[in-house]
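S.K.: Mind having a look at this structure? Questions to follow.
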Amino acid sequence: MSLQARDKEFLALLGPSGSGKTTLLRVLAGLEEPDSGEVRFDGEDFLALPVRKRKVGMVFQHYALFRHMTVAQNIAFGLTVRPARERPGKAEIKRRVTELLDLVQLQGLEKRFPSQLSGGQRQRVALARALAIEPRMLLLDEPFGALDAQVRRELRRWLRELHDRAGVTTVFVTHDQEEALDLADRVAILKDGELVQLGAPNAVYEHPATPFVFDFLGQACQLPGIVQGRTLTVADWGTAAPEGAPQGAVQVFFRPDEIAFAPADGAGLAAEVLAVAQRGPDVRIDCRIEGVLMELIGHGPTLPAGVAPGLSVRVKPLRPQVYAT
Amino acid sequence: MTDRFSVPPVPRPVTDAWPRRPRLVEHSILPGLKLSLGITLVYLTLIVLLPLAALAVRPWEIGLDGVVRTLSDPRVASALRVSFGISLLAALTNAPLGLLIAWTLTRYEFPGRRILDALVDLPFALPTAVAGIALTAIYSPTGPVGAFAAQFGIKTAYSPIGIFIALVFIGLPFVVRSVQPVMQDLDKDVEEAAQTLGATDIQRVTRVVLPALAPALLSGVSLAFARAVGEYGSVIFIAGNMPLKTEIAPLLIVIKLEQYDYAGAAAIGLAMLAISFGALVAMNAVQIYLSRRGRA
């Protein structure tokens, strides 16, 4: 596979576990060596450089902070290990640490030890530590994987702002599609060590290249169908085929929330409603379409009155995606 | 049933504002504190405290100046110096060596690693007298190593060097076995983080790995030291036991016992106890400080 990150870009590597995304990141960092292939940075052969000379800032899933050092010592580590003639003076290091603490919003915690911080704070220290060396590239390996959902969402927003301010090319590994779509400029989707699709979050979400990507990026409903000319037929429902759809027997995918309901005599897929359950703002509708049990998602206030257990309705997928079988 | 309409009682606020009697012991949700603490105290009293108390009482039979006279005897002072001095030296020597062995055993895969690993425990298992005889056989002027060293005018057995060798031998497993598990549990990604931050291999070891190992290493060294101070069996064979030169304090105690000078023996024992206890307390304090750092 070949993959290029653009300057100052926020690139997400997204894939299920075992897809090789972390390995790819570790190859970029130099912590692992590829069997073949090349890594270039700005034209320079990266594989020829040892880890410590690559100047990449790496943030690990489990923080990897130095437990016996204070927050300030952790952040300053990358500066203090420099050879004497490149090492900034004590005052300069102190100034940098204060600056970085401001940046990650941990003012006043420089004397604490990592064990005295919360998970979110620790990860921010790890980030400040990685930024201290003025990295040419920032590598984040599931940085929020060990945090709870609320903190994760907060940090996500904050990380994006930080990236925009610091202006460092960032490569971010995650298995959480929501995180990748929310954060990245471009998303690279990996499967079994291969690049499946690369593109802007919206483009990838709206036009998944393969059934795998469709399935991976969100919930999916799947039915067999037939494309003839410009018409897509699923059971007794006919609609315009999406552009570029293959001819013949196809797999039709749609999102369970991208649907419209119609009365039983209207247009759409005949569905028998089995159960309706309110889940917060959404309503989960279990129904049987073409003999297949599906979970559809509707929005409470806009749900038509006809959608109730035991009734028949028509379900019209708004944006079906078609893949050759 | 007027009850049904009454306002439910306001739950009592569980806050620090509630007056609370200060407790001597922090309350634990684990039951059995009294029982387990009781058994611990009784056991420690029977096994450790009572014998030590008997030891502490014994020397005063000869009065304070008797004790002072015993301890200021040049032969006794020299024996104490030899025992503690060489024990400390041996324990300190074992620090880098034990560290290196633990490093080799945990960091590398090579054929025979498990056998080597088992060999480390041998000084634990061997009766110390056997170890003493074996060491003497090798290091005495007629033994292979001893003869070699003699060519350079170094006398290994029957000299302080011999005592040192024996004490290094018996102390080594303490250091290795204390450090090894901690080294095994070191997170790999912490070292990798150091690498990405630009640390050289040496900086990675000295600034990241060693500080993490320091508490375990210190604990291993103090165990090795404590063991060396009390060592008797292996040393008396190799030491030569010349008064004022290579006579260790435990041997002197045995000599006094054989002369039925129980109070004198107990006086030396008490002195050893006091010095050992002081040293262990000091080492423990440092160790607590080291392991508190970053874990509080």
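The values are calculated or read from the model by the stated rules, or taken from the named source; none is laboratory data. Please read all numbers here as calculations on a predicted model, not as lab measurements. Cβ placement follows ideal geometry from the backbone for every residue including glycine, while neighbour counts extend to all protein chains displayed. These area figures cover heavy atoms from the full protein model, side chains too; ligands, DNA and RNA do not enter into them. Shrake-Rupley method; radii C 1.70, N 1.55, O 1.52, S 1.80 Å.
S.K.: Test B:Ala282 against the stated conditions and say whether it is farther than 15 Å from B:Val67 by Cβ, more than 14 Å from chain A (Cβ to nearest Cβ), free of Cβ contacts under 8 Å to residues at least 40 places away in the same chain and not in a loop (DSSP other than H, G, I, E, B).
M.R.: Considered against the rule, which asks whether it is farther than 15 Å from B:Val67 by Cβ, more than 14 Å from chain A (Cβ to nearest Cβ), free of Cβ contacts under 8 Å to residues at least 40 places away in the same chain and not in a loop (DSSP other than H, G, I, E, B), B:Ala282 comes out as yes.
S.K.: Looking at segment A:1-28 only, could you name the residues that are within 14 Å of another protein chain (Cβ to nearest Cβ) and either farther than 28 Å from A:Arg124 by Cα or open to solvent by less than 60 Å² (accessible area, probe 1.4 Å) (or both)?
M.R.: A:Thr22, A:Leu25, A:Arg26, A:Val27, A:Leu28 - these are the residues of segment A:1-28 that are within 14 Å of another protein chain (Cβ to nearest Cβ) and either farther than 28 Å from A:Arg124 by Cα or open to solvent by less than 60 Å² (accessible area, probe 1.4 Å) (or both).
S.K.: Report yes if B:Val175 is away from chain A (no Cβ under 14 Å) and either part of a helix (DSSP H, G or I) or under 16 Å from the mean Cα position of the chain (by Cα) (or both), otherwise no.
M.R.: Criteria met by B:Val175.
S.K.: Another one. Counting only residues that are within 27 Å of the chain's Cα centre (by Cα) and of a type in the set (S, T, N, Q), give me the strands (runs of 3 or more DSSP E) lying completely in segment A:208-257 with at least 1 of them.
M.R.: A:221-228, A:248-254
S.K.: Continuing with this model, one more query. Checking A:Ala84 against (1) within 13 Å of another protein chain (Cβ to nearest Cβ); (2) modelled with pLDDT of 90 or more, which test does it fail?
M.R.: Of everything listed in (1) within 13 Å of another protein chain (Cβ to nearest Cβ); (2) modelled with pLDDT of 90 or more, A:Ala84 misses just condition (2).
S.K.: Could you list, in sequence order, the residues of segment A:103-121 that are within 11 Å of another protein chain (Cβ to nearest Cβ) and crowded, with 20+ Cβ neighbours inside 10 Å?
M.R.: A:Phe113, A:Pro114 - these are the residues of segment A:103-121 that are within 11 Å of another protein chain (Cβ to nearest Cβ) and crowded, with 20+ Cβ neighbours inside 10 Å.
S.K.: Just one of the numbered conditions (1) over 16 Å from A:Arg129 (Cα atoms); (2) open to solvent by less than 40 Å² (accessible area, probe 1.4 Å) is not true of A:Ala64; which one?
M.R.: Of (1) over 16 Å from A:Arg129 (Cα atoms); (2) open to solvent by less than 40 Å² (accessible area, probe 1.4 Å), only one is false for A:Ala64: (1).
S.K.: I need the full set of residues from segment A:261-275 which are outside any loop (DSSP other than H, G, I, E, B) and open to solvent by 60 Å² or more (accessible area, probe 1.4 Å), in order please.
M.R.: A:Glu272, A:Leu274
S.K.: Let me ask another. Only residues that are surrounded by fewer than 13 Cβ atoms within 10 Å (Cβ to Cβ) and closer than 18 Å to A:Leu25 by Cα: list them for segment A:189-203, please.
M.R.: A:Asp192, A:Glu194 - these are the residues of segment A:189-203 that are surrounded by fewer than 13 Cβ atoms within 10 Å (Cβ to Cβ) and closer than 18 Å to A:Leu25 by Cα.
S.K.: Can you pull out the residues in segment A:211-232 that are within 22 Å of A:Asp176 (Cα to Cα) and out of contact with any Phe, Trp or Tyr (no Cβ under 6 Å at 6 or more places or on another chain)?
M.R.: A:Phe212, A:Val213, A:Asp215, A:Phe216, A:Gly218, A:Gln219
S.K.: Pull up segment A:122-142, narrow it to residues that are within 16 Å of A:Gln61 (Cβ to Cβ) and open to solvent by 40 Å² or more (accessible area, probe 1.4 Å), then point me to the one that is farthest from the other protein chains (Cβ to nearest Cβ).
M.R.: A:Arg124
S.K.: Still on this structure, please answer the following. Which residues, taken from segment A:208-235, are out of contact with any Ser or Thr (no Cβ under 9 Å at 6 or more places or on another chain) and of a type in the set (S, T, N, Q)?
M.R.: Within segment A:208-235, A:Thr210, A:Gln219, A:Gln222, A:Gln228 meet the criteria.
S.K.: Of everything in segment A:239-260, what is under 11 Å from A:Pro317 (Cα atoms) and open to solvent by 50 Å² or more (accessible area, probe 1.4 Å)? Give them in sequence order.
M.R.: Within segment A:239-260, A:Asp257 is the sole residue that qualifies.
S.K.: Here's something else I'd like to know. Would segment B:154-168 turn up any residue that is under 25 Å from the mean Cα position of the chain (by Cα) and within 14 Å of another protein chain (Cβ to nearest Cβ)?
M.R.: Checking segment B:154-168: not a single residue is under 25 Å from the mean Cα position of the chain (by Cα) and within 14 Å of another protein chain (Cβ to nearest Cβ).
S.K.: Quick one: which of A:Glu179, A:Glu206 is modelled with pLDDT under 90, open to solvent by less than 50 Å² (accessible area, probe 1.4 Å) and touching a Lys or Arg at 6+ places or on another chain (Cβ under 9 Å)?
M.R.: Being modelled with pLDDT under 90, open to solvent by less than 50 Å² (accessible area, probe 1.4 Å) and touching a Lys or Arg at 6+ places or on another chain (Cβ under 9 Å) holds for just one of A:Glu179, A:Glu206, which is A:Glu179.
S.K.: Also: Tell me which residues, restricted to segment A:34-43, are open to solvent by less than 70 Å² (accessible area, probe 1.4 Å) and not hydrophobic (A, V, I, L, M, F, W, C).
M.R.: Listed by number, the residues that qualify are A:Pro34, A:Gly37, A:Gly43.
S.K.: Against the conditions (1) open to solvent by 20 Å² or more (accessible area, probe 1.4 Å); (2) in a helix (DSSP H, G or I); (3) facing chain B (nearest Cβ under 9 Å), where does A:Leu31 fall short? Just the number, please.
M.R.: Looking at each condition in turn, A:Leu31 falls short on (2).
S.K.: Another question, if that's okay. With respect to A:Lys55, determine if the residue is in contact (Cβ under 8 Å) with a residue 24 or more places away in the chain, within 18 Å of B:Leu197 (Cβ to Cβ) and open to solvent by 40 Å² or more (accessible area, probe 1.4 Å).
M.R.: When the stated conditions are applied, A:Lys55 passes them.
S.K.: Just to verify a result, which residue in segment A:143-157, among those that are within 13 Å of another protein chain (Cβ to nearest Cβ) and surrounded by fewer than 22 Cβ atoms within 10 Å (Cβ to Cβ), is nearest to the chain's Cα centre (by Cα)?
M.R.: A:Gly145
S.K.: Residue check, B:Val82 against (1) farther than 28 Å from B:Gly269 by Cβ; (2) assigned to a helix (DSSP H, G or I); (3) touching a Lys or Arg at 6+ places or on another chain (Cβ under 9 Å), all met but one. Which one?
M.R.: Of (1) farther than 28 Å from B:Gly269 by Cβ; (2) assigned to a helix (DSSP H, G or I); (3) touching a Lys or Arg at 6+ places or on another chain (Cβ under 9 Å), only one is false for B:Val82: (1).
S.K.: Out of all the residues in segment A:58-65, is one or more among the aromatic types (Phe, Trp, Tyr), over 23 Å from A:Lys191 (Cα atoms), within 14 Å of chain B (Cβ to nearest Cβ) and in contact with a Phe, Trp or Tyr (Cβ under 9 Å, 6 or more places away or on another chain)?
M.R.: No, the conditions are met nowhere in segment A:58-65.
S.K.: Restricting to segment B:195-229, what's the tally of residues that are among the aliphatic types (A, V, I, L, M), open to solvent by less than 20 Å² (accessible area, probe 1.4 Å), within 7 Å of chain A (Cβ to nearest Cβ) and not in a loop (DSSP other than H, G, I, E, B)?
M.R.: The total comes to 1.
S.K.: A follow-up question, please. Being touching a Leu at 6+ places or on another chain (Cβ under 9 Å), modelled with pLDDT of 90 or more, in a strand (DSSP E or B) and aliphatic (A, V, I, L, M) is the requirement here; does A:Val196 meet it?
M.R.: In short, no.
S.K.: Mind listing whichever residues of segment B:119-136 are open to solvent by less than 60 Å² (accessible area, probe 1.4 Å) and either in contact with a Gly (Cβ under 6 Å, 6 or more places away or on another chain) or part of a helix (DSSP H, G or I) (or both)?
M.R.: Once the filter is applied, which keeps residues that are open to solvent by less than 60 Å² (accessible area, probe 1.4 Å) and either in contact with a Gly (Cβ under 6 Å, 6 or more places away or on another chain) or part of a helix (DSSP H, G or I) (or both), segment B:119-136 yields B:Val120, B:Pro123, B:Thr128, B:Ala129, B:Ala131, B:Gly132, B:Ala134, B:Leu135, B:Thr136.
S.K.: Another question about this same structure. State whether the residues of segment B:179-194 include one that is facing chain A (nearest Cβ under 9 Å), touching a helix residue (DSSP H, G or I) at 6+ places or on another chain (Cβ under 6 Å), buried (at least 24 other Cβ atoms within 10 Å of the Cβ) and free of Cβ contacts under 8 Å to residues at least 60 places away in the same chain.
M.R.: yes
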